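Read through the structure below, which is laid out as structure tokens, and then see the notes.
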Amino acid sequence: MRNLTCIVCPMGCSLTVEEGEPGADGFPVLTITGNRCPRGAVYAQEEIRSPRRVVTATCAIAEGPALSALPAGFAGPRRVPVKTSGPCPREKIDTLLKEIYRTRVQLPVRAGDKILPNWDGLGIDVVAVRGLG
């Protein structure tokens, strides 16, 4: 038995998940209680079977003409905030973060620019959250 707090809506239902025998799909049949709406049951199933998270991080700005053109003593940001366009499987988050931290972004960059398109063939992009340069 596992206890979860649903994060889909502000009600924050306390969910209890019990795993039964494997079903036709090979996954255990889940009995979910405590949800006040159907979204809680869907959340619990996804969280138990295939947890996913939206990832936020920062990428370094690449050396180059745009960075050199900044005034001497510029104390502004040297990193660009990024996030995934959708949830990433939890088991791949460490690999994704390593790639994000290795990536150097050329200025100028605009909010919404794809920094790492279709990462790892998962259909999620790593996009700039804020524009710089």
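Read-outs throughout are calculated quantities, based only on the coordinates presented, and are distinct from any laboratory measurement. Small disclaimer: the values here were computed from a predicted structure and weren't measured. With ideal geometry, Cβ positions are generated from the backbone for all residues, glycine too; neighbour counts draw on all protein chains shown.
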message: For the stretch 86-98, give me each residue that is surrounded by 15 or more Cβ atoms within 10 Å (Cβ to Cβ) and in a helix (DSSP H, G or I).
response: LYS92, ILE93, LEU96
field: Residue tally, condition of a type outside the set (Val, Ile, Thr), more than 23 Å from the chain's Cα centre (by Cα) and crowded, with 16+ Cβ neighbours inside 10 Å, over the stretch 16-43
entry: 3
task: Out of the residues in the stretch 44-56 that are outside any strand (DSSP E or B) and either of a type in the set (Ser, Thr, Tyr) or surrounded by fewer than 16 Cβ atoms within 10 Å (Cβ to Cβ) (or both), state the one that is nearest to the chain's Cα centre (by Cα).
output: VAL54
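Could you tell me whether any residue of the stretch 117-133 is without any contact (Cβ under 8 Å) to a residue 40 or more places away in the chain, touching a helix residue (DSSP H, G or I) at 6+ places or on another chain (Cβ under 9 Å) and under 18 Å from ALA62 (Cβ atoms)? Walk me through it before giving the result.
Step one: list which residues in the stretch 117-133 are without any contact (Cβ under 8 Å) to a residue 40 or more places away in the chain, which gives 117-123, 131.
Remaining after also requiring touching a helix residue (DSSP H, G or I) at 6+ places or on another chain (Cβ under 9 Å): 119-120, 122.
With the extra rule that they be under 18 Å from ALA62 (Cβ atoms), the set shrinks to none.
No, that holds for no residue.
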